[in-house]
1. Within the stretch 48-78, take every residue that is in contact with a strand residue (DSSP E or B) (Cβ under 6 Å, 6 or more places away or on another chain) and assigned to a loop (DSSP other than H, G, I, E, B) and give me the one that is surrounded by the most Cβ atoms within 10 Å (Cβ to Cβ).
2. Six or more apart or on different chains, Cβ atoms under 8 Å: show the pairs whose first residue is in the stretch 53-76 and among the charged types (D, E, K, R) and whose second is crowded, with 19+ Cβ neighbours inside 10 Å and not in a loop (DSSP other than H, G, I, E, B).
3. Quick check, is residue 92 of a type in the set (Gly, Ala, Ser), modelled with pLDDT under 95, in contact with a strand residue (DSSP E or B) (Cβ under 8 Å, 6 or more places away or on another chain) and open to solvent by 20 Å² or more (accessible area, probe 1.4 Å)?
4. Are any residues in the stretch 3-34 open to solvent by 20 Å² or more (accessible area, probe 1.4 Å), under 16 Å from residue 76 (Cα atoms) and part of a helix (DSSP H, G or I), and if so, which ones?
Amino acid sequence: MARILVIDDEQAVRDTLARVLQREGHEVLTAIDGVEGLRIWREHGAVVVILDIHMPRSDGIETLVQLRALQPSLPVIVISGGDQTRTLGLLGDARLLGATRALAKPFSLSELTAAINHALGHGGGEATG
């Protein structure tokens, strides 16, 4: 269906999202942080990026800004467990910087599916966090 890039420093999150998205028929690329994610996106492309906010080296906000500079129309779904660190407001900041959707971890499969369908232009319900 679509090539999706998942950028998250937590291996369990990357593996889970990759498994779920592959079951839905998508091709999934993964990266451990924004630096690797940008490299993979430049080399292989993706039609949707799922991007964690809190990561080492290049966090999600920096990576979002760089992706927007490279391809302003690229759908980017930001995710964060920020409620654990009292920075959930960064999801709102990411929306202001151009994120297509923002999901708070943990999110449901239906929220993820709706966000991806929206990003791919297939409609889907509101899945913001």
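1. Checking each candidate, the answer is 53.
2. From the stretch 53-76, the pairs are 57/34; 59/34; 62/34; 68/76.
3. So residue 92 passes the test.
4. Scanning the stretch 3-34 gives a single hit, 14.
The values are calculated or read from the model by the stated rules, or taken from the named source; none is laboratory data. Just so it is clear, the structure is predicted and the values come from calculations on it, not from any experiment. Here Cβ is always computed from backbone atoms with ideal geometry, including for glycine, and neighbour counts include all displayed protein chains. The area values use the complete protein model at the heavy-atom level, side chains included, leaving out ligands, DNA and RNA. Shrake-Rupley method; radii C 1.70, N 1.55, O 1.52, S 1.80 Å.
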